[in-house]
Every structure is written in C-alpha cells, then in structure tokens.
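Below is one structure, written out as structure tokens; the observations come after it.
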Amino acid sequence: QKHLAESGGGSVQAGGSLRLPCAASGYTINTGCMGWFRQPPGKEREGVADINEYGGARYADSVKGRFTISKDIAKNTLYLQINSLKPEDTAMYYCAADLVSPWCRRDRDFGAWGQGTQVTVSS
C-alpha cells in the first residue's frame, strides 16, 4: 500500500544539475522522516540527506552545499536537487521513509524504500 517511486535520473555532464523527485502514495510525507541514499558502483550504500517531520535537514559532508532536500506536501513528493555534479556522484539513488519517528534515525529504521534511479556523471 505504501509506495515510493524515484525518477529524474540520467546521464549528465560534470558540472550539471539534476532534480530527483520521489512520489509517495499510501501515506502523507508530512509525517515522519524522509531521506535520500545512494550506492556507487562497487561500494556500500550511504546516506546523502534527510529531512525530519519539522523540516530540519541534514547532509553528508560530501554533498553539503551542492545538494538540497525538500518536501512538497501538496504534491506528496520528496525532492533532491543536485547541483555541480561530480563523477563521484555516479550512483543509484534511493528515497526512503521512516514512518515511526518524527526524527530521522539510522538506515535500518527506514521501513519504506523506492526502487532507485540511476545517476551517471560523465566528464
């Protein structure tokens, strides 16, 4: 019933920008925590950014200043704005939701996950 669907990925040149939407259905993103994760080829999945129920956002050091996480409550959609893309940003990007806590916790606490969208950055 609860479903998350990422899109907006693709092949982009270094220095370019992308906006990744994550459309939610079956619940409202106005509650709980939502986050973005990514998994580069051959590496472990890592947290990118999250936003709690009150609008507070956190970012990984590697993306701080370039990525912005936001929520559009009217559209029930989470977004990740990615600017100044680097080749090391190449990864499968996932959105996820923790519906239990209003505060963002750890990876294992996210109970709903999207299928992922591929971002490939060329030089």
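The values are calculated or read from the model by the stated rules, or taken from the named source; none is laboratory data. The model shown is predicted, which means the values in this text are computed figures rather than measured ones. When we count neighbours, we look across all protein chains shown, and the Cβ atoms used for this are built from the backbone with ideal geometry, even at glycine. Note: areas computed on protein heavy atoms with side chains; ligands, DNA, RNA excluded. Shrake-Rupley method; radii C 1.70, N 1.55, O 1.52, S 1.80 Å.
Hey, what's the chain come to in accessible area per residue, 1.4 Å probe, Å²?
Details: 6350 Å² over 123 residues.
Value for the chain: 52 Å² per residue.
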What nm distance separates the two modelled labels at Ser123 and Gln1, each placed 7 Å from Cα along Cα→Cβ? 4.9
Calculate the spin-label point distance for Ser101 paired with Glu44, positioning each point 7 Å from the Cα along the beta-carbon direction, and give it in nanometres. 1.9
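Which FRET efficiency value, to the nearest 0.05, do you get for Arg108 and Ala74 by plugging their Cβ-Cβ distance into 1/(1 + (r/R0)^6) with R0 = 30 Å?
On the way: r = 31 Å, r/R0 = 1.02.
Given R0 = 30 Å and the Cβ-Cβ separation, E is 0.45.
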Hits among lysines - C-alpha to C-alpha of Lys64 under 18 Å, sequence gap 8 or more where chains match: Lys86
Relative contact order (percent) for the chain, with alpha-carbon contacts under 8 angstrom and 6 or more residues of separation? 37
Expressed as a whole percentage, what fraction of the accessible surface of the chain belongs to carbon and sulfur atoms when a 1.4 Å probe is rolled over the protein heavy atoms? 47
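Full extension from Gln115 to Ser17: what is 0.36 nm times the residue separation minus their Cα-Cα distance, to one decimal in nm?
Values: separation 98, 0.36 × 98 = 35.28 nm, distance 2.14 nm.
Going from the current span to full extension adds 33.1 nm.
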Reachable lysines from Lys71, criterion Cα separation under 23 angstrom, eight or more residues apart if same chain: Lys2
Using modelled amide H (1.01 Å from N, peptide plane; none on Pro or chain starts), what sits under 5 Å from the amide H of Ala14, excluding residues fewer than 5 places away? Ser122, Ser123
Under a 10 Å cutoff between Cα atoms, tell me which one of Arg19, Arg108, Arg58 has the largest fluctuation in the Gaussian network model of the chain. Arg108
